[in-house]
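The values are calculated or read from the model by the stated rules, or taken from the named source; none is laboratory data. Being a predicted model, the structure only gives us computed values, none of them experimental. Quick reminder, even Gly has a Cβ in these numbers, built from the backbone with ideal geometry, and neighbours come from all protein chains shown. To get the accessible areas, we keep the full protein, side chains included, count just its heavy atoms, and leave off ligands, DNA and RNA. Shrake-Rupley method; radii C 1.70, N 1.55, O 1.52, S 1.80 Å.
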Amino acid sequence: MIRLVLVDVDGTLTVDRNSYEIELSAIESLRRLEKNGIKVGLVSGNSYPVLRGLYTYFYFHGGLVAENGCIVYYNKLVRVCEPIDKSLAEKFSKIFSVISSWQNEFKCCDLSFTPPTLSDKMIEWAKNMGLYIKSSGYAIHISKSQTGKGIGVRKLIELHNLDKSEVLGIGDSSTDIEFFQEVGIKVAVGNGDEEVKKVANYVTLNNSGKGVVEIVDKILKGELDGRN
Ligand SMILES: O=C(O)COP(=O)(O)O
Ligand SMILES: [Mg+2]
């Protein structure tokens, strides 16, 4: 029985993968889940203040995982990663002529940069610095420990006292692969990265936010957890 649905933000709740426009029908759909007793949570590389704001006003109650797994909130705030040296934001942006996100001021452990294109030189630099580097398709992320959304999702599910089989996750990019390893039912949106679709139990026909609407309908009809 699905008791918790965890949703990525950029590229999954938006109208498309290169957009910051929230697909409002996806929010309305997820609210229907909550009305049917299935809590909804957010999982993203965005900072805690951004995610807490979205979570509050979307009126979801399943908690959140911010900074690509490093910050977890569900009735209480838990930091799961080691803090990063914030001076790396300026260093990385100078070396690779990328823009340090305004959100980095409000982050502890995961720093993000645009444009999101990861180069071999960046990967080599991160390796030499002992840093973890990845791209969500919206931003490049560096962090100190081998973070990834999975460690935050595991903590959130623990705070819910649920089994992973009771949790469904929806995502679009390679940063959602670690997330998917911690949930029972893995859903990739139709326009998601090929590597995410490969590990998904289900790929929506629709893209991004419309894909969320599609999967919510299936959940409410009991089509995804063997109820019919
Ligand atoms: O890259 C980001 O900061 C946000 O991306 P996500 O919500 O898809 O994790
Ligand atoms: Mg995403």
query = When you go through (1) of a type outside the set (Asp, Glu); (2) out of contact with any Gly (no Cβ under 6 Å at 6 or more places or on another chain); (3) in contact (Cβ under 8 Å) with a residue 12 or more places away in the chain one by one for Lys91, which number turns out not to apply?
reply = (3)
key: Members of the stretch 21-62 found to be more than 21 Å from Phe179 (Cα to Cα), in a loop (DSSP other than H, G, I, E, B) and open to solvent by 30 Å² or more (accessible area, probe 1.4 Å), listed by number   = Glu21, Asn36, Gly37, Tyr59
request  = Return the only residue of Ser145, Ser165 being open to solvent by 10 Å² or more (accessible area, probe 1.4 Å), closer than 15 Å to Val5 by Cα, of a type in the set (S, T, N, Q) and away from ligand 2 (no atom under 12 Å from the Cβ).
outcome  = Ser165
ask   = Taking the condition outside the structural domain of Ser112 (by TED's automatic domain parsing), open to solvent by less than 10 Å² (accessible area, probe 1.4 Å) and of a type outside the set (Ser, Thr, Tyr), does Ile170 pass?
value = yes
query = Within the stretch 172-188, is even one residue within 12 Å of ligand 1 (Cβ to nearest atom), touching a residue at least 40 places away in the same chain (Cβ under 8 Å), more than 16 Å from Cys109 (Cα to Cα) and among the polar types (S, T, N, Q)?
reply = yes
inquiry  = Given the condition polar (S, T, N, Q) and outside the structural domain of Val72 (by TED's automatic domain parsing), answer yes or no: does some residue in the stretch 187-207 qualify?
reply    = no
task = With respect to Val72, determine if the residue is open to solvent by 30 Å² or more (accessible area, probe 1.4 Å) and within 26 Å of Pro116 (Cβ to Cβ).
result = no
remark   = Counted residues in the stretch 92-122 being within 16 Å of ligand 2 (Cβ to nearest atom) and part of a helix (DSSP H, G or I) come to 1
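Let's see how each residue does on (1) touching a residue at least 40 places away in the same chain (Cβ under 8 Å); (2) within 16 Å of ligand 1 (Cβ to nearest atom):
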site	(1), (2)
Lys134	yes, yes
Lys144	yes, no
Leu159	yes, no
Asp163	no, no
Lys197	no, yes
Val203	no, no
